[in-house]
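Only the coordinates and a few stated rules stand behind these numbers; no lab work does. For clarity, every value in this text was computed on a predicted model and none was experimentally measured. As a convention, Cβ positions derive from the backbone with ideal geometry for all residues, glycine included, and neighbour counts pool all protein chains shown.
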Amino acid sequence: MPRFVFLGAPGAGKGTQAEILSREARLAHVSTGDLLRAAAAAGTPLGREADGHIRAGRLVPDGLVLALLRDRLDRPDARAGFILDGFPRNRPQAEALATITPLDAVVWFELPSAVLVDRLAGRRVCTQCGTVYNVSSRPPRTAGRCDRDGAGLVQRPDDRPEAVTTRLKVYADQTAPLLEYYRGRGLVRSIDAAGTPEDVTARLRAVLEAAAGRGDAATSPPRRSPGPRSR
Ligand code: AP5
Ligand code: MG
């Protein structure tokens, strides 16, 4: 069963690509950011505690994130394989993950920081369905409205400049060092995350197919879809 981690800086395109490739390969897309935002929107005790950290661009305490992750990986769809998007983000999380599951590959999204900042500044999300747009690279058909349901698009609170600065620093200090941790375990596959989303998907597909054939947890490569999806 294919088990992948997508790691990279905020705005590198992890969510965009995990959405596409998880659907293609019938893997669960497990985004701790999405899980935390859903908990915050639902007003659960965990979500209320996480909300201030997310808005400020800080990491949510490990115990809260791990509780959400374990629940999510226990759901039936994740038992056929998954893409972890945004987890782990520090050494304690990586060590905890190693006690939960083996991995086939950790895909490292490489992108210059100027491009990251532009992508985050332009990101807009649907208030209803969460579809992700970008004012430059993926604009909606009608400005400010979701193509799927016509609901309004908003900027994520943590995409405002102050929070972006904090997120990039947290990434450099706590998440980027995981590159060495996973290199030491022979799991890292780096990809160039620049170019159009379609270019990046093609690069990733090749990497995942190769890794799924080699990893100790893998049984089958991702299935190809007939073409790019609309979201
Ligand atoms: P999370 O939601 O994971 O945010 P992030 O890691 O900062 O990553 P982003 O979602 O900002 O970027 P992405 O790489 O997914 O980019 P996307 O595809 O959207 O986490 C948010 C917060 O939750 C954290 O700060 C923390 O507080 C908390 N949290 C989450 N996980 C945690 C954990 N494990 N531990 C503790 N706390 C945790 O793309 C960005 C934009 O670029 C979009 O507009 C998109 O349309 C556009 N785009 C994508 N690809 C391309 C392309 N190829 N060309 C042009 N534009 C593109
Ligand atoms: Mg994301």
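Overview of values
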| quantity | calculated |
| --- | --- |
| Residue in the range 45-75 that is nearest to ligand 1 (Cβ to nearest atom), counting only those that are touching a residue at least 40 places away in the same chain (Cβ under 8 Å) and in a helix (DSSP H, G or I) | I54 |
| Filter result for the condition that a residue is within 29 Å of A211 (Cα to Cα) and of a type in the set (A, V, I, L, M, F, W, C), over A50, A56, A40, A94 | A94 |
| Scope the range 90-102; condition under 12 Å from L59 (Cα atoms) and in contact (Cβ under 8 Å) with a residue 60 or more places away in the chain; matching residues | N90 |
| Neighbours by Cβ (under 8 Å, 6+ apart or cross-chain): first from the range 7-32, more than 22 Å from D159 (Cα to Cα) and touching a residue at least 60 places away in the same chain (Cβ under 8 Å); second more than 10 Å from ligand 1 (Cβ to nearest atom) and aromatic (F, W, Y) | S22/F82; L27/F4; L27/F82 |
| Unique residue being within 13 Å of ligand 1 (Cβ to nearest atom) and out of contact with any helix residue (DSSP H, G or I) (no Cβ under 7 Å at 6 or more places or on another chain) when the list is L120, L153, L168, L178 | L153 |
| Filtered residue count, the range 156-165, keeping only those that are in a helix (DSSP H, G or I), surrounded by fewer than 16 Cβ atoms within 10 Å (Cβ to Cβ) and either within 10 Å of ligand 1 (Cβ to nearest atom) or not polar (S, T, N, Q) (or both) | 3 |
| Residues (over 25 Å from L168 (Cα atoms), touching a helix residue (DSSP H, G or I) at 6+ places or on another chain (Cβ under 7 Å) and acidic (D, E)) located in the range 11-55 | none |
| Sole exception among (1) surrounded by 14 or more Cβ atoms within 10 Å (Cβ to Cβ); (2) aliphatic (A, V, I, L, M); (3) outside any strand (DSSP E or B) for L84, by number | (3) |
| Unique match (being farther than 22 Å from A96 by Cβ, assigned to a loop (DSSP other than H, G, I, E, B) and out of contact with any helix residue (DSSP H, G or I) (no Cβ under 7 Å at 6 or more places or on another chain)) among G186, G195 | G195 |
| Every pair of residues 6+ apart whose Cβ atoms lie under 6 Å, when the first sits in the range 76-89 and is among the acidic types (D, E) while the second is part of a helix (DSSP H, G or I) and within 15 Å of ligand 2 (Cβ to nearest atom) | D85/K14; D85/G15; D85/A18 |
